[in-house]
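In what follows, a single structure is set out as structure tokens and then discussed.
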Amino acid sequence: MSDAASNYLENKLLDHTLRWSTAPYTGVSTVYCALFSGTAATVKTALESGTSSTSGAGNWGFYEITSASNYGRQPITFGNPASSGSISNTGSAITFNPATSDYNNTANSGSTVTCLAIMDAQTGGNVLFYGELSVPKQVSSGDQFTISSGNLTVQLA
């Protein structure tokens, strides 16, 4: 996955670092992995805005897989401290529920997951980091999307 921080998170981190006394940022105890389908460039543009779960073209909620296929965001564990500007998921794999129907989204982009995002809530919430999968993955009825331990890496440039 190539990755980037959303505008939302970039602003919060700058305020937290440089304006601590007036704008501290409080992180969340659990972050979640969300999956998206659609043309990667279009999805990443929507994810960059970072703050809109509203459905409709240009909003990331339009491209997130819908719950109709038994999809739900899954928690991510980053147990080891960051090193050299990079951190990876640790412990068990990030395992999504088996799909009860082909994955799809409100945009009807199809069942191929092209992007993922790290979110600060199990539903709604804000995009923290996002990226394009190095290899898009089609998820059909009966399939189970899994990210092995150590295979989701976030790196700051």
Next on the checklist: Just to confirm my filter: which strands (runs of 3 or more DSSP E) fall fully inside region 1-116 and include at least 1 residues that are more than 22 Å from Q144 (Cα to Cα)?
Outcome noted: 86-88
Next on the checklist: Can you find, within region 71-89, the residue that is surrounded by the fewest Cβ atoms within 10 Å (Cβ to Cβ) among those that are closer than 17 Å to M119 by Cα and of a type in the set (S, T, N, Q)?
Outcome noted: T77
Checklist entry - Which one of these does G124 not meet: (1) part of a loop (DSSP other than H, G, I, E, B); (2) more than 13 Å from the chain's Cα centre (by Cα); (3) modelled with pLDDT under 95? => result (2)
Checklist entry - If you take the residues of region 16-26 that are within 21 Å of I87 (Cβ to Cβ) and out of contact with any His (no Cβ under 7 Å at 6 or more places or on another chain), which of them is modelled with the lowest pLDDT? => result T17
Next on the checklist: Suppose we keep only residues that are more than 16 Å from R73 (Cβ to Cβ) and of a type outside the set (A, V, I, L, M) within region 127-138. Which one would you say is farthest from the chain's Cα centre (by Cα)?
Outcome noted: Q138
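The values are calculated or read from the model by the stated rules, or taken from the named source; none is laboratory data. A quick note: this is a predicted structure, and the numbers were derived from the prediction, not measured. In this analysis, Cβ positions are derived from the backbone assuming ideal geometry, glycine residues included, and neighbour counts consider all displayed protein chains.
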